[in-house]
Amino acid sequence: MDGAKPVRRGRPPKSEARATRELLLDAALELFARQGFAATTVRQIAAEVGVRDSAIYGHFASKQAIYDALFAEAGPVSLEALDVDVDELVAAGPRVAVPMLVDRLMAGWTGPRARRFTSVLLRDGAGDGGLGGLAAAIEEALDRLREPFVRWQEAGLVRAGPAPRQLVWELFAPLHVPRILHLRAEATEADLASARRLAADHVTFFLSCVIPYEEGDA
């Protein structure tokens, strides 16, 4: 015996599996950006990473599942992507929670993969679901993100009148403007700064419109 460790057999360690998953996502994203979702095959994705086709299915059930993972990271805003708890948002109140939500959203959108995915999203929508799938995802996001606004209105922290679902739209829809204008794959530091500035200005304006005026407010 020379003291060498035995060859590991069986399932790879979690860190290795995670690394392979990330490589598959990056390779798929490059192919989706270059030639579109429909023209990309599982075999091409595997070849980019240097693994067998069958190895992909240990991480993703299908090409659509790969796209879904990218979509969850960088598609329409969602509670899962923002990693927030509704009860915690409600307790924090709109003055704290709204800027925090937007900060998390912009942080996700400024990542390299998310910036690369923006052009793919505009062209391919939700993958097999196309732009119709994208529209459905937006509708779902409006329904799921309305809850904090319902409860803030009940507590008198947000103006009564506007429908909570509409308030969600008014908060998040304008943020796609700095995303499209500045958060491209080749974005510079100046672009990223411009996107953050536009987002911050929007948050200030939004809160001024939805929070009831109180004596002592400037």
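The values are calculated or read from the model by the stated rules, or taken from the named source; none is laboratory data. All values derive from a computational prediction rather than experimental measurement. Virtual Cβ from ideal backbone geometry, glycine too; neighbours counted across all protein chains shown. Ligands, DNA and RNA are stripped out before the accessible areas are found, and what is left, the full protein with its side chains, is counted by its heavy atoms. Shrake-Rupley method; radii C 1.70, N 1.55, O 1.52, S 1.80 Å.
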- At 4 °C and 1.567 mPa s, grab the translational diffusion coefficient of region 39-81 from Stokes-Einstein with a Kirkwood Rh over Cα pairs, rounded to a whole number in µm² per second. 115 µm²/s
- Note on the structure: Ordering 48-56, 169-177 by per-residue average of other C-beta atoms within 10 angstrom, highest first, gives 169-177, 48-56
- Item | Computed lengthening from A91 to L131, 0.36 nm per intervening residue step minus Cα-Cα distance | 10.8 nm
- Task: Per DSSP H run of at least 4 residues, take -39500 (n - 2.57); add these up for the chain, divide by its residues and hand me the 222 nm value, nearest 500 deg cm²/dmol.
- Result: -20500 deg cm²/dmol
- Item | Nearest 10 degrees, 0 to 90: helix 130-144 Cα axis against the chain principal axis | 50 degrees
- Task: For region 162-214, state what percent of all Cα-Cα pairs lands in each successive 5 Å bin, counting from 0 Å until the bin that includes the largest distance.
- Result: 4, 19, 24, 19, 15, 10, 6, 2, 1
- region 106-132 scanned against label point 7 Å out from E186 along Cα→C-beta; backbone N under 17 Å for 112-113, 115-120
- Two-decimal Rg to Rh for the chain - Kirkwood Rh, Cα set: 1.08
- Of all the accessible heavy-atom surface of the chain, with the other protein chains kept in place and a 1.4 Å probe, what percent is carbon and sulfur? 55 percent
- Among F117, F37, F60, determine the one that fluctuates most according to a GNM of the chain built with springs between C-alpha atoms less than 10 Å apart. F60
- Identify, among G93, A19, T110, the residue whose Cα sits farthest towards the positive end of the charge dipole of the chain, taking +1 on the Cβ of Lys and Arg and -1 on the Cβ of Asp and Glu, with the dipole about the Cα centre. A19
- Candidates A193, A74, A126, ranked by Gaussian network fluctuation over the chain, Cα under 10 Å, top entry: A193
- Message: Once you place label points 7 Å from the Cα toward the Cβ at R123 and A193, how far apart are they in nm?
- Response: 3.1 nm
- Task: Give, in nm to one decimal, the length gained when the segment between A173 and A65 is fully stretched (0.36 nm per residue of separation minus the Cα-Cα distance).
- Result: 36.3 nm
- Message: Of the candidates G111, G75, G127, which one comes out as most mobile in a Gaussian network treatment of the chain with C-alpha springs shorter than 10 Å?
- Response: G111
- Message: How much accessible area per residue does the chain have, counting only protein heavy atoms and a probe of 1.4 Å, in square angstrom?
- Response: 57 Å²
- Degrees between helix 63-74 axis and first principal axis of the chain (Cα, 0 to 90, nearest 10): 40 degrees
- Note on the structure: The Cα radius of gyration of region 98-218, divided by 2.2 N^0.38 Å with N its residue count, comes to 1.18
